[in-house]
Amino acid sequence: MDNLTALRNLVLAPYILKATALIGVCRKVGGNQFRHSFAALGILLDYKYFDDSVLLKASLLHDLLEDVGVNNLDEIRNIDEDGSAVVELVLEVTRTKYETKIEYMDRLKYCSTKAKILKCADRLSNLTDLHLDTHTNQKISDYLDQTEIYVLPLAKEVNKNFEHELIDLISKRRQLCEPKKAPTMKTIIKKDRLFNMLKDFGFIETSTNEITIFNRLDEFFIFPNTISLQEYHYATTRYHLDMNGWICRDEFDKIFDNFL
């Protein structure tokens, strides 16, 4: 069956309706688990699992049992011809109340190929939503360690592209946790003095919004009210600025030669 035919024959509506029970389950990053289930589905479609209807349907319900619970699994089993297989797959990727997190993660290596694929898609979505404004450095670091130990081996087994994307996301999220060094302050220049100096040299047009310029300086130099002349001069060696309030390094050098 070709991809177009597979997608034409794919009926997700009954599973989407079941998944709406996840709307009331919030995620730390905002949104809810219903949207996360669609993220997992989208990742599987992105990886061209068009012809695996059981996998795609299960992706919509993969958190349903753990986050909401279902009193009668037969309701799902009786949805269509895939229903029973969907339930079994969802059960495989569901952590039971008798399992610790580590026991659950370790069990996944004994699960079916479909379950491993679904878990990889789930983890890719979760890593994308991992941010410092919702998780501590330690929480992020622990989650990345867990991914390397338990999920990467699954990805390596079922889809090399999963493995490559996970490695890339892990690397990028670890960079978020790296401490940022603040520059030292020695010679201090008031920002308004710097602004007027740039204006006097003709590098800032009088029509330019001063608040925008000041905001850019905030981003550029970190300090909200003052900057270090030494650090400012150093920063200009790393950035090239344009006519929209920014200035090139050579022009900055001329400014500082005259200023000093």
Discussion item. Suppose we filter region 87-114 for residues that are assigned to a loop (DSSP other than H, G, I, E, B) and under 27 Å from residue 75 (Cα atoms); how many remain?
Written reply: 9
Discussion item. Given the options 54, 87, 68, 25, name the one that is assigned by TED's automatic domain parsing to the domain that holds residue 128, within 23 Å of the chain's Cα centre (by Cα) and hydrophobic (A, V, I, L, M, F, W, C).
Written reply: 25
Worksheet item: Among the helices (runs of 4 or more DSSP H) confined wholly to region 1-79, which include 2 or more residues that are of a type in the set (A, V, I, L, M, F, W, C) and within 28 Å of residue 131 (Cβ to Cβ)?
Response: 13-19, 33-46, 53-61, 64-67
Worksheet entry | Subset tally (residues that are in contact with an Asp or Glu (Cβ under 7 Å, 6 or more places away or on another chain) and surrounded by fewer than 15 Cβ atoms within 10 Å (Cβ to Cβ)) for region 29-70 | 1
Practice prompt. Being β-branched (Val, Ile, Thr) and over 26 Å from residue 112 (Cβ atoms) is the filter; apply it to region 129-153 and report the residue that is modelled with the lowest pLDDT.
Written response: 134
Worksheet item: Has region 12-28 got at least one residue that is hydroxyl-bearing (Ser, Thr, Tyr) and surrounded by 14 or more Cβ atoms within 10 Å (Cβ to Cβ)?
Response: yes
Item to complete: With respect to residue 73, determine if the residue is over 27 Å from the mean Cα position of the chain (by Cα), aliphatic (A, V, I, L, M) and surrounded by fewer than 22 Cβ atoms within 10 Å (Cβ to Cβ).
Response: yes
Worksheet entry | Within region 109-118, tally of residues that are under 14 Å from residue 88 (Cα atoms) and not polar (S, T, N, Q) | 5
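The values are calculated or read from the model by the stated rules, or taken from the named source; none is laboratory data. This one's a predicted model, so the numbers in the text were calculated from it and none came from an experiment. Ideal geometry is used to build each Cβ from the backbone, glycine not excepted, and the neighbour counts take in all protein chains shown.
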